[in-house]
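Here is the structure we will look at, set down as structure tokens.
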Amino acid sequence: MFPLDQWYVAGFSWELKDRPVARTLLNRNVVMFRTGEGVAAALEDRCCHKSLPLSCGTVERRGVRCGYHGLLFAPDGACLEVPGQERIPTKAKVKSYVLSEKDSILWIWMPREEGGQPTHEAPDYWVHRDPRYTFKGDVFHYDAPYQLIHDNLLDLSHLGYVHLKTIGGNAAVHMNAELKVEASGDQVRVLRYMPESAPPPTYLDAWPFKGKIDRWQEVEFNVSHLNIWTGGADAGTEDMRDPQRGGFHMRGFHAITPETDTTAHYMWTMASNSHPERPDVSGVVFDQTALTFEEDKVVIEAQYRNILRHPGAPQVDIHVDVGPNRARRVIERLARA
Ligand code: FES
Ligand SMILES: [Fe+2]
């Protein structure tokens, strides 16, 4: 059971080139493509003639052409052409999804009822348009259910154990950080502040810090995606709780879209600012972020394999689980609705 009547991330703009892209989202087989006229579209990945996946076909100026007998379908799923036959059968139509392309993100509306239309606009992600930041992203596949990734992102205390090579730092500082959890509506925020801490390797590569730093981690959970704003400034120079703070910023966009009940897509971007003395660090920040997320994938997939090996075995909560548990309650409430 997944929350429905929600915008989920289906992919990124740069993925739609000259071929259709197949992706299973919430157990539904979807094909995405961009027509030669530039329209991004999402349809059920099944031709209404003999059921070949449309992702085996080709993209044309007006739509996607099936790779078996050549039926051509428009972005709204209507059949535009049956080669060799003048009349288009009235039932020749493929199920379509509402796709909204904004800020390089492809948002798909997952309706509760078939054909259900969006009740609100797709989320805005202004960071991708902000000239202070440079961003790059990727799509990871997880052999683990999506909520294990939520748990991981809402509890950054794991940095000191999992990510020592990049964004980690002292484990005791992470585990003892001041922690605040706020919830309103379908949103959960986890705020962590670590004054006077040692900058981790990625921070040192990206920014000429003078010594100890004041470090912040602000995680905003939304049903389909998390925005995580982390960073640091030379200790004592900025108010680390002020959103106008200076220093080094990493703004992560983390879309977690269930693929099936037991697998997930993790679609992320990392945006960072650069110091005038180090103008070209965004590539380094991206590479180290990718490495960091690969470390998470190893941990989470191993965790899930072990959960399967010990079905029903109880788990004990500790102080860092407040944020993840709040988010689980939001998902449970919406999935039941
Ligand atoms: S299966 Fe698609 S055209 Fe025949
Ligand atoms: Fe992590």
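Rundown of residues vs (1) open to solvent by 30 Å² or more (accessible area, probe 1.4 Å); (2) of a type outside the set (D, E, K, R), yes/no style:
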site	(1), (2)
151	yes, no
154	no, yes
162	yes, yes
173	yes, yes
179	yes, yes
189	yes, no
193	no, yes
197	no, yes
Original post:
Do we find a residue being among the β-branched types (Val, Ile, Thr), under 15 Å from residue 97 (Cα atoms), open to solvent by less than 40 Å² (accessible area, probe 1.4 Å) and touching a helix residue (DSSP H, G or I) at 6+ places or on another chain (Cβ under 7 Å) anywhere in segment 1-12?
Top reply: no
Subject >> Single condition residue 298 does not satisfy, out of (1) outside any loop (DSSP other than H, G, I, E, B); (2) in contact with an Asp or Glu (Cβ under 7 Å, 6 or more places away or on another chain) >> reply: (2)
**OP:** Would you confirm whether any residue within segment 23-31 is in contact with a Lys or Arg (Cβ under 8 Å, 6 or more places away or on another chain), away from ligand 1 (no atom under 16 Å from the Cβ), open to solvent by less than 30 Å² (accessible area, probe 1.4 Å) and of a type in the set (A, V, I, L, M, F, W, C)?
**Re:** yes
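Considering only residues of segment 49-70 that are basic (Lys, Arg) and within 15 Å of residue 85 (Cβ to Cβ), which is nearest to ligand 1 (Cβ to nearest atom)?
Kept after step one, since they are basic (Lys, Arg), are these residues of segment 49-70: 50, 61-62, 65.
Restricting the remaining residues to those that are within 15 Å of residue 85 (Cβ to Cβ) gives 50, 65.
Working: 50: 4, 65: 8 Å.
Applying the filter and picking the extreme gives 50.
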Original post:
Inside segment 205-223, can you point out the residues that are of a type in the set (S, T, N, Q) and buried (at least 21 other Cβ atoms within 10 Å of the Cβ)?
Top reply: 217
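With among the polar types (S, T, N, Q), assigned by TED's automatic domain parsing to the domain that holds residue 196 and under 20 Å from the mean Cα position of the chain (by Cα) as the only criterion, which of 244, 315, 288 stands out? Give the steps one after another, and end with the answer.
Values: 244 fails: under 20 Å from the mean Cα position of the chain (by Cα); 315 fails: under 20 Å from the mean Cα position of the chain (by Cα).
Only one candidate qualifies: 288.
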Original post:
Quick check: is even one residue across segment 306-317 in a helix (DSSP H, G or I), touching a residue at least 12 places away in the same chain (Cβ under 8 Å) and open to solvent by 70 Å² or more (accessible area, probe 1.4 Å)?
Top reply: no
Original post:
Within segment 186-195, can one find any residue that is within 26 Å of residue 300 (Cβ to Cβ), free of Cβ contacts under 8 Å to residues at least 12 places away in the same chain and either among the charged types (D, E, K, R) or away from ligand 2 (no atom under 16 Å from the Cβ) (or both)?
Top reply: no
Original post:
Which condition number in (1) without any contact (Cβ under 8 Å) to a residue 60 or more places away in the chain; (2) surrounded by 15 or more Cβ atoms within 10 Å (Cβ to Cβ) is the one that residue 145 fails?
Top reply: (1)
**OP:** Determine whether residue 300 is under 17 Å from the mean Cα position of the chain (by Cα) and closer than 15 Å to residue 152 by Cα.
**Re:** yes
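May I ask you to say which residue of 253, 286 is among the aromatic types (Phe, Trp, Tyr) and crowded, with 20+ Cβ neighbours inside 10 Å?
Details: 286 fails: crowded, with 20+ Cβ neighbours inside 10 Å.
None of the others qualify; the one that does is 253.
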Original post:
If we keep just the residues of segment 54-94 that are touching a residue at least 40 places away in the same chain (Cβ under 8 Å) and part of a strand (DSSP E or B), which is farthest from ligand 2 (Cβ to nearest atom)?
Top reply: 93
**OP:** Pull up segment 43-53, narrow it to residues that are under 18 Å from residue 88 (Cα atoms) and surrounded by 17 or more Cβ atoms within 10 Å (Cβ to Cβ), then point me to the one that is nearest to ligand 2 (Cβ to nearest atom).
**Re:** 46
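The values are calculated or read from the model by the stated rules, or taken from the named source; none is laboratory data. Not measured: the values here are computed from a predicted model. Backbone-built Cβ (ideal geometry, glycine too); neighbour counts: all protein chains shown. Keep in mind that these areas ignore ligands, DNA and RNA; they rest on the heavy atoms of the full protein, side chains included. Shrake-Rupley method; radii C 1.70, N 1.55, O 1.52, S 1.80 Å.
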